[in-house]
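What follows is one structure encoded as structure tokens, with my remarks underneath.
The values are calculated or read from the model by the stated rules, or taken from the named source; none is laboratory data. Since we're looking at a predicted model, the values are computed, not measured. Neighbour counts are summed over all protein chains in view; Cβ atoms, including those assigned to glycine, are modelled from backbone coordinates with ideal geometry. The area values use the complete protein model at the heavy-atom level, side chains included, leaving out ligands, DNA and RNA. Shrake-Rupley method; radii C 1.70, N 1.55, O 1.52, S 1.80 Å.
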Amino acid sequence: MEKTDDPAGAARGVTAVPAVPAGPPVTEGRTRPSGVRSWPSGVRPWWVGAVLTAAVGAAAVLGPAGTRWLEHPAVEAWRTVCLAITVQALPFLLLGTALSGAINAFVPAGLFTRVLPKRPALAVPVAGAAGAVLPGCECASVPVASSLIRRGVPPAAAFAFLLSAPAVNPVVLTATAVAFPGNPAMVAARLLASLGTAAVMGWLWLWLGKEEWLRPLLRHRHTGHRPGHSRRTEFLLGFRHDFLHAGGFLVLGAMAAATFNVTVPGAVLDTFSGSPWLSVLFLAGLAVLLAVCSEADAFVAASLTGFSSTARLAFLVVGPMVDLKLIALQAGTFGRAFAWRFCTATTVVAVAASVLIGGALW
């Protein structure tokens, strides 16, 4: 009797089909580059990609259609803000997903564990300081941090990198210096408060974090290139999956931020600017809702002249670490159970660091 089962394929989770002669398993090229398991039917990544495609397609089709309600000023403003946030963040999302795919396919699995200190408590500040070498915004740091975790980096260190990279890289600090000419204290305050927040959040994860808060795929370690497989294919698969997955959440976050920009009147700003404490909390919340890219937020903060320097510092520290598009990206990448806990704690720590550093400098 002709055998129809392939024990080797079954061990990899590949179902044998009786009508097909035995041969090399054709589905192996579709497994996730991590080598852990096949993507769970691919539904969620492709569904999120469909959301992105639908959003872009709707904007392209309905934009020039001349539909009456689309010509309303509020709708046009919403469309402009949403498109601006998406276009502003998209190059850095591409950079981040490309780096994530390259790390997964080309970087040896043990490199990061050899470079970082063996003790996680020491690896956290080192990873936070390493964020200064990535000239990107917050959209790039999320997929990179995810890839680092899959390559064996302790989650606490990867999260410290995720928070610090968008706020302390040379491009952002240079933009801050340009936006606040003659005020080097703002640059120093942003650097210190951001590094402090990243380190504290990494240590908090070591103390209170639980692995079950992360998506199951991220709980595996030392994944990446598998011997005998094409690195180019693994890179392309990882890049495609991460970009489609994160891109959809980026669009959703941009839509939420645009809705806030259009619906909240500018007079609300004047209500909170007179109180030192309320102004700090208000600008911290505003940074979450506006979702401005970290490489442009300094110019927004500089325009808020009615607020104190400490309040504007809170805007600069909170924004690159917690905003609507980041919450959506983190929920899609790490899981909702992680995102709401981590983002809430990060906001509290970032505001506290801003108040302490701002109080010491001004």
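Below are the figures for this structure:
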read-out: Test: residue in segment 116-129 that is closer than 27 Å to Leu290 by Cα and part of a helix (DSSP H, G or I); value: yes
read-out: So Ser194, is it of a type in the set (S, T, N, Q), at negative phi and modelled with pLDDT of 85 or more; value: yes
read-out: Qualifying positions in segment 249-279 - at pLDDT 70 or above and either of a type in the set (Gly, Ala, Ser) or touching a His at 6+ places or on another chain (Cβ under 9 Å) (or both); value: Ala254, Ala256, Ala258, Ala267, Ser273, Gly274, Ser275, Ser279
read-out: One residue from Ala156, Ala189 being surrounded by fewer than 24 Cβ atoms within 10 Å (Cβ to Cβ), farther than 21 Å from Lys325 by Cβ and either of a type in the set (A, V, I, L, M) or modelled with pLDDT under 90 (or both); value: Ala156
read-out: Subset of segment 316-362 [outside any helix (DSSP H, G or I) and open to solvent by 40 Å² or more (accessible area, probe 1.4 Å)]; value: Trp362
read-out: Scan of segment 290-303 for residues that are buried (at least 17 other Cβ atoms within 10 Å of the Cβ) and either modelled with pLDDT of 95 or more or not β-branched (Val, Ile, Thr) (or both), ordered by number; value: Leu290, Ala291, Cys293, Ser294, Glu295, Asp297, Ala298, Ala301, Ala302
read-out: Verdict on Ala267 being crowded, with 18+ Cβ neighbours inside 10 Å and not acidic (Asp, Glu); value: no
read-out: Segment 205-229, subset modelled with pLDDT of 75 or more and out of contact with any Gly (no Cβ under 7 Å at 6 or more places or on another chain), residue nearest to Val322 (Cα to Cα); value: Trp205
read-out: Inter-residue pairs, beta-carbon under 6 Å, first on the phi > 0 side of the Ramachandran plot and in segment 326-338, second open to solvent by 20 Å² or more (accessible area, probe 1.4 Å) and outside any helix (DSSP H, G or I), 6+ apart; value: Gly335/Arg215
read-out: Filter result (assigned to a helix (DSSP H, G or I), open to solvent by less than 30 Å² (accessible area, probe 1.4 Å) and among the polar types (S, T, N, Q)) within segment 159-186; value: Ser164, Thr176
